[in-house]
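J.: One structure, as structure tokens, below. Some questions next.
The values are calculated or read from the model by the stated rules, or taken from the named source; none is laboratory data. Everything numeric here is computed off the predicted structure, so don't read it as measured data. Positions of Cβ are backbone-derived with ideal geometry, glycine not excepted, and every protein chain shown enters the neighbour counts.
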Amino acid sequence: MRIQDSIALVTGGASGLGEATVRNIVKNGGKAAILDLSEEKGTLLAEELGENAVFFKTNVTSEEDVQHAIDSAIAQFGSINTVVNCAGIAVAEKTVGRNQAHCFDNFKKVIEINLIGTFNVIRLAAAHMVKNQPNQEGERGVIINTASVAAFDGQIGQAAYSASKGGVVGMTLPIARDLAKSGIRVMTIAPGLIETPLFASLSEEAKAALETQVPFPSRLGRPSEYAQLTQSIIENVMLNGETIRLDGAIRMAPR
């Protein structure tokens, strides 16, 4: 699929990885629906990018919200053929810390947003994509999910986050197989240390310490590099059913 033919739903699209992806798609001639809970950021971004971007306030765990966003995007743009799932949260909490068990509600919330929310968007968007006219390669759509290197090298305090992202990795291949006959590809990106708003509160010293953990290039990744990889996935029809680490060869230590 050509990037200029992409009509994308981007969850978490108002900031960080999602925002960079939206900007890249629109810059290259595609169209993007921004799905996010931040009404202020999402509205401002859509207004800045013009007629090829639109914002819908969306809770990815809500069937009603996601279906409304999909229906509205199709009404606006005529169809959808791309999904990029960037919405997610993280908590840092040990299984047992200070003689207290991990908060069960916190664990469930991370799983609900990062894993169940991702699948909710996939299933509802794919139900529309299967109706698309195939392109010359027989392709009707592409779905790109966001996991994390924590899916493979989870650190102390990352039980919930690692479980959620491991689930995203684990469902990539079976969903790709489910949708193969419909010509819909499914890929996942597992970013390492990317300079998103999650790192905004860190001091320069703390950032520098993190950068030394990355073999090469020894720095935090850029959201634009994530967006660049989503474009490569969109455009390369042979990329399917796999997770790509975007991490500068980092392997996370226990803490």
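J.: Within region 42-64, work out how many residues are free of Cβ contacts under 8 Å to residues at least 60 places away in the same chain, assigned to a helix (DSSP H, G or I) and surrounded by fewer than 17 Cβ atoms within 10 Å (Cβ to Cβ).
T.: So in region 42-64, the residues free of Cβ contacts under 8 Å to residues at least 60 places away in the same chain come out as 42-59, 61-62, 64.
From the residues that got through so far, the ones that are assigned to a helix (DSSP H, G or I) too are 42-52, 64.
Then keep just the ones that are surrounded by fewer than 17 Cβ atoms within 10 Å (Cβ to Cβ); that gives 43-44, 47-48, 50-51, 64.
Summing the residues that are free of Cβ contacts under 8 Å to residues at least 60 places away in the same chain, assigned to a helix (DSSP H, G or I) and surrounded by fewer than 17 Cβ atoms within 10 Å (Cβ to Cβ) in region 42-64 gives 7.
J.: Can you tell me which residue among 83, 121, 110 is among the β-branched types (Val, Ile, Thr), within 16 Å of the chain's Cα centre (by Cα), assigned to a helix (DSSP H, G or I) and within 19 Å of residue 186 (Cα to Cα)?
T.: Values: 83 fails: assigned to a helix (DSSP H, G or I); 110 fails: within 19 Å of residue 186 (Cα to Cα).
Only one candidate qualifies: 121.
J.: In addition: Under the condition of being closer than 20 Å to residue 87 by Cβ and either modelled with pLDDT under 95 or hydroxyl-bearing (Ser, Thr, Tyr) (or both), which residue from region 222-255 is surrounded by the most Cβ atoms within 10 Å (Cβ to Cβ)?
T.: By that ranking, first place goes to 230.
J.: I'm trying to understand the selection: among the residues of region 62-106, which are among the aromatic types (Phe, Trp, Tyr) and touching a strand residue (DSSP E or B) at 6+ places or on another chain (Cβ under 8 Å)?
T.: The one that is among the aromatic types (Phe, Trp, Tyr) and touching a strand residue (DSSP E or B) at 6+ places or on another chain (Cβ under 8 Å): 77.
J.: Please go through region 6-24 and give me each residue that is free of Cβ contacts under 8 Å to residues at least 60 places away in the same chain and part of a helix (DSSP H, G or I), ordered by number. Working first, answer last.
T.: The initial filter retains those residues of region 6-24 that are free of Cβ contacts under 8 Å to residues at least 60 places away in the same chain, namely 14, 22.
Within region 6-24, just 22 meets the criteria.
J.: A follow-up question, please. Would you please name the residue that is surrounded by the fewest Cβ atoms within 10 Å (Cβ to Cβ), looking only at residues in region 124-155 that are over 17 Å from the mean Cα position of the chain (by Cα), part of a loop (DSSP other than H, G, I, E, B) and in contact (Cβ under 8 Å) with a residue 60 or more places away in the chain?
T.: This residue is 137.
J.: Output yes when any residue across region 190-211 is crowded, with 20+ Cβ neighbours inside 10 Å, modelled with pLDDT of 95 or more and among the polar types (S, T, N, Q), and no when none is.
T.: No; the residues of region 190-211 include none that is crowded, with 20+ Cβ neighbours inside 10 Å, modelled with pLDDT of 95 or more and among the polar types (S, T, N, Q).
J.: With (1) of a type outside the set (Val, Ile, Thr); (2) buried (at least 21 other Cβ atoms within 10 Å of the Cβ); (3) in contact with a His (Cβ under 9 Å, 6 or more places away or on another chain) as the list, and residue 161 as the residue in question, which single condition is left unmet?
T.: Looking at each condition in turn, residue 161 falls short on (3).
J.: Which residue pairs have Cβ atoms closer than 8 Å, lie 6 or more positions apart in sequence or on different chains, and pair a first residue in region 213-224 that is within 16 Å of residue 197 (Cα to Cα) and touching a residue at least 12 places away in the same chain (Cβ under 8 Å) with a second residue that is among the aromatic types (Phe, Trp, Tyr) and not in a loop (DSSP other than H, G, I, E, B)?
T.: So the pair list comes out as 220/199.
J.: Can you name the residue in region 88-111 that is in contact with a His (Cβ under 8 Å, 6 or more places away or on another chain) and surrounded by 11 or more Cβ atoms within 10 Å (Cβ to Cβ) and, of all such residues, is nearest to residue 17 (Cα to Cα)?
T.: Our first condition is that a residue be in contact with a His (Cβ under 8 Å, 6 or more places away or on another chain); within region 88-111, this holds for 93-96.
Keeping just the survivors that are surrounded by 11 or more Cβ atoms within 10 Å (Cβ to Cβ) gives 93-95.
Values: 93: 24, 94: 27, 95: 29 Å.
Here the residue is 93.
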